[in-house]
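Peer 1: Questions regarding the structure given below will be posed in turn.
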Amino acid sequence: MKFEKPYIILSAAMTIDGKIASKKGDPELSDLIDWKHVHKLRTDVDAIMVGKGTIIQDDPKLHIKYYNHNGYTRIILDSNLSIPIDSQVINYKPEIYPTIICTTENATEVRIKEFKKRNISIIKSGHDKQVDLLKLMPILKKKGINSIILEGGGTLNWSFIKNDLIDEIRLTIAPWIIGGKDATSLVEGKGFDKMIEGKRFNLINVNNRDNYVVLNYKRKRE
Ligand SMILES: NC(=O)c1ccc[n+]([C@@H]2O[C@H](COP(=O)([O-])OP(=O)(O)OC[C@H]3O[C@@H](n4cnc5c(N)ncnc54)[C@H](OP(=O)(O)O)[C@@H]3O)[C@@H](O)[C@H]2O)c1
C-alpha cells in the first residue's frame, strides 16, 4: 500500500555555524524581513509542527502575522503530554488556529482530559518513548493536512531526517557565529555514521540580502 503523508517543508534560521539557538536557548536569529517570509510560508500550508522542546523553551504562539489568512492547524509533538497547559499555543486564538497534540499510548487519561477541556485534539501514535512519525503521517493526511511547515527544533528535525520525511528545506543563514556544544543545532539526534547514509537534497534557489542568505532545497529521492 502506498505510504501517504503530507508534504513537509523544514523551515529554520541558523547561524553560520549551524546553531538554531544559543546555548542559553536564545533563538532570535531572524530579522523582520526573514520573519515576514516565514509568516508568508505559514499562509501557504495546512499546518505548522514543532516539538515539545520548542514549546517549553520559547512558548511560541505559532500564529500568522503580516498577511491575510484563514488560519491553520498547530501540531505539537509531546510523548507524555507534559507541556504546560498555560502555554500560549494552547490558549492563543484556538478559533483561528486549532491545535493537535500528537502523543503516545503512554499519555495518561487525566492529562488527555485536561487538554481536551481546552478544545485541544489528541492523536496517539505508537507505544514507544516518542511519537511514531511513520504511523502519524497517514493519520494527519487522512485529516486533510496535505502540507506542513516543520519548525523544529533540532531533535524533532533529526527524527524527520532519519525517517526520510522531509520534502523541502527553507533555511536562512543569519550572519553570526555563536558556538557552544550545548547550543541546539539545526539537526540533533544520533546522526548517521557515514555520509552515504545522509539524506541528499538538491539546491533549488539561493537568495541573499543584508548579509542573510536564504537557501531552498528539495529532497533528491532516487
Ligand atoms: N532558529 C529556528 O529556526 C528554530 C526553530 C525551532 C526551534 N528552535 C530552537 O530549538 C530549541 C528546541 O529544540 P530541541 O531539540 O530542544 O527540541 P524540539 O525538537 O523542539 O522537541 C523535541 C522533543 O519533542 C518530543 N518528541 C515527541 N516525539 C518525538 C519524535 N518522534 N522525535 C523527536 N522528538 C519528539 C520529545 O520530547 P518527549 O519525548 O518528552 O515528548 C523531544 O525531546 C529551542 O531552543 C528553540 O528556540 C529554533
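Bear in mind these aren't lab numbers, they're just calculated from the coordinates by the rules spelled out. None of the values given here were measured: they were computed from a predicted structure. Every residue, glycine as well, gets a Cβ built from its backbone with ideal geometry; the counts of neighbours run over all protein chains shown.
Peer 1: What's the whole-number percent of alpha carbon pairs in the chain lying beyond 32 angstrom?
Peer 2: 15 percent
Peer 1: Remind me, relative contact order of the chain in percent, using alpha carbon pairs under 8 angstrom and six or more residues apart?
Peer 2: 30 percent
Peer 1: Suppose we keep just the DSSP beta bridges with both residues in the chain; what percent of those would be antiparallel, to 5?
Peer 2: If I count the DSSP bridges inside the chain, around 35 percent turn out antiparallel.
Peer 1: Return the single residue from 160, 115, 192 with maximal mean-square fluctuation; model: Gaussian network over the chain, springs between Cα atoms under 10 Å.
Peer 2: Sorting by GNM fluctuation, first place goes to 192.
Peer 1: Follow-up. Multiply the residue separation of residue 105 and residue 121 by 0.36 nm, subtract the distance between their alpha-carbon atoms, and state the gained length in nm to one decimal.
Peer 2: Contour length minus Cα-Cα distance gives 4.3 nm.
Peer 1: In a shell of Cβ-Cβ distance under 14 Å around residue 74, excluding residue 74 itself, what net charge do Lys and Arg (+1) and Asp and Glu (-1) give?
Peer 2: My count for the surroundings of residue 74 gives 0.
Peer 1: If I stretch the segment between residue 113 and residue 88 completely, what's the gain in nm (0.36 nm per residue apart, minus their alpha carbon distance), one decimal?
Peer 2: So the chain would gain 7.2 nm between residue 113 and residue 88.
Peer 1: Still on this structure, please answer the following. Just to be sure I understand: if I project the alpha-carbon convex hull of region 1-45 onto a plane and average over all orientations, what area do I get in nm²?
Peer 2: That works out to 5.0 nm².
Peer 1: Once you charge only the Cβ atoms, +1 for Lys and Arg and -1 for Asp and Glu, what is the size of the charge dipole of the chain about its Cα centre, to the nearest 20 debye?
Peer 2: That gives a dipole near 520 debye.
Peer 1: Kirkwood hydrodynamic radius, region 111-222, all distinct C-alpha pairs: what's the number in Å?
Peer 2: Evaluated over region 111-222, this radius sits at 16.9 Å.
Peer 1: Find how much the distance from residue 2 to residue 36 grows on full extension, using 0.36 nm per residue of separation minus their present alpha carbon separation; answer in nm with one decimal.
Peer 2: That pair, residue 2 and residue 36, stretches by 8.6 nm at full extension.
Peer 1: Continuing with the same structure: Okay, which of region 146-185 sit inside 17 Å, backbone N to the point 7 Å along the Cα-Cβ direction of residue 197?
Peer 2: 158-165
Peer 1: For residue 24 paired with residue 215, estimate the spin-label separation in nm (one decimal), with each label point 7 Å from Cα along the Cα-to-Cβ line.
Peer 2: Taking the two extended label points, one gets 2.9 nm.
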